[in-house]
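Any read-out appearing in this document is the output of simple, stated calculations on the displayed coordinates, not a laboratory observation. Just so it is clear, the model here is predicted, and its values are computed rather than measured. Every residue, glycine as well, gets a Cβ built from its backbone with ideal geometry; the counts of neighbours run over all protein chains shown.
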Amino acid sequence: MSANLETTTGLSTRSLHQLGVASGLAAGAWLGAAEAPTKLVMVGFSPFVISLGMVAGVFVARWTVPTLLKGTGYVLADLRERAHLVPWAVLAGMIWAVANTLTVFAIRNVGLSIAFPLWNTNSVVGLFWGWLLFGELRGAGGRQWAKVLGGALAIMSGACLLAYATSHQAAVEGRSAALGVLAALGAGVLWGTMYIPYRKAYISGMNPLSFVTVFTFGELGTAFALAAAFHGGVGGLMLELGRARPVLFWLFLGGFCWVLGDLFQQYAAKYVGIGRGVPLSNTNQLWGLAWGALVFGEMAQLGPTGQVLVIVGSLVMIGGATAISFAEAPESEQTSWRKAMNRECHRYGLEPARVAAILQGDDPLARETPPRRKWELLVPALAVAAFVWLAMGAERQPLEVSLPWMAVLSLASLVILLACGALLWKRTRFS
């Protein structure tokens, strides 16, 4: 392996870092947009039904997108080659489902623009696990450590400012701010821990598209179990779902958007690590703030002091995430990354040279996979049919929204999707 890690794809370390940064920023846009439908909890729907509806959309998307981009033959071959990672993917999905349910409670109690930055403390948790388990920042110089640790402190300081602002909002609206804060922070801890299976999968050479396909079984199963338990069984849950029929289309759409953001986040974690990739994707707090304030008018309910605290806290956290994201891993740190990769290869009998090539943007499995089959078109066709059926029963809900701002934010998200998707295809063919 050469000093600058160039491969048959012609991608240098810097090029891969830039790709990871772009993926992280794109993830922020789509993860932010995906949470907008959870505002439906404000009009009386159960948080567990809201979460289950989104996860159902996630389930559909996590099968549809990989099939469209790589094909089912590729995904199945990748899973067979790394079957030991399947339980890890299911576990990650279970953690995600619990965290996602907590975010719905957080949004109900403290609002979208406040809850986002609080649960984005997951970057600190991910940073710790990346250092402890995967060699991230080991061997890095003092300058890199200063960027990362300074960024982590900024993120925590921003979270404290936002928690203080939340207490002012609770006094005005009469909500349980403490419960909302705890729910958001709990989601941050769980999501930060969820990145352990992510990184373990990618230093073993698994494609993110394959990982999320299995990941979704843990999501859907856990979300269904939680919803059934808190609604008195499957029968009670079915009644709640029937009552929520008019909003299921929006929840499915939110879940689909979440998958697009999560896929970009997966590529960020693959190419720049979880210590850097997670803070990058946490720019979703800017998008969450934009959706909450501009589309749903959340900031209008705060006094001047609360609004200033929200803005300052968000900017401080973004500044911290930016500092971390620009801490490009030097060669000495990459040596530690390779040690973690070799450890996984030795443990599970993988070929180190093949895994190293995949980590650097190559895709040898794509050259070995047979052509796609025509029946695979049924997967996106069924997804479209599900959305059409749900759209037929959709009804507008009593939420005040700004349609012009919704159009602007949606268009911006689509531009980012196309730009970063084209970049990933051009450089790695979605490896």
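Between A178 and H84, what is the spin-label point distance in nm, taking each point 7 Å from the Cα along the Cα→C-beta axis?
About 4.6 nm, to one decimal.
Calculate, in nm to one decimal, what L377 and L423 gain on full extension: separation in residues at 0.36 nm each, minus their alpha carbon distance.
Between L377 and L423, full extension yields 14.1 nm more.
Please state the charge dipole magnitude for the chain, taken about the Cα centre, from unit charges on C-beta atoms (+1 on K and R, -1 on D and E), reported in debye and rounded to the nearest 20.
Dipole size: approximately 640 debye.
Out of all Cα-Cα pairs in the chain, roughly what percent, to the nearest whole number, are more than 31 Å apart?
Tail of P(r) above 31 Å: 37 percent of Cα pairs.
So if each residue of separation counts as 0.36 nm, and I subtract the Cα-Cα distance between F128 and M406, what length gain in nm does that give?
96.5 nm
What is the gain in length, in nm to one decimal, between L414 and R396 on full extension, counting 0.36 nm per residue of separation less the C-alpha to C-alpha distance?
4.2 nm
How charged is the neighbourhood of A327? Take every other residue with its Cβ under 9 Å from the Cβ of A327, and add Lys/Arg as +1 and Asp/Glu as -1.
Taking every Cβ under 9 Å from that of A327, the sum is +2.
Relative to the first principal axis of the alpha-carbon coordinates of the chain, what is the inclination of helix 208-230, with its axis defined by its Cα atoms, in degrees from 0 to 90 and to the nearest 10?
The two axes meet at around 30 degrees.
Helix-only mean residue ellipticity at 222 nm, the chain, DSSP H runs n ≥ 4 weighted -39,500 (n - 2.57), per residue, nearest 500. What is it?
-25500 deg cm²/dmol
Which FRET efficiency value, to the nearest 0.05, is calculated for W145 and L91 with the Förster distance at 25 angstrom and r the Cβ-Cβ distance?
0.25
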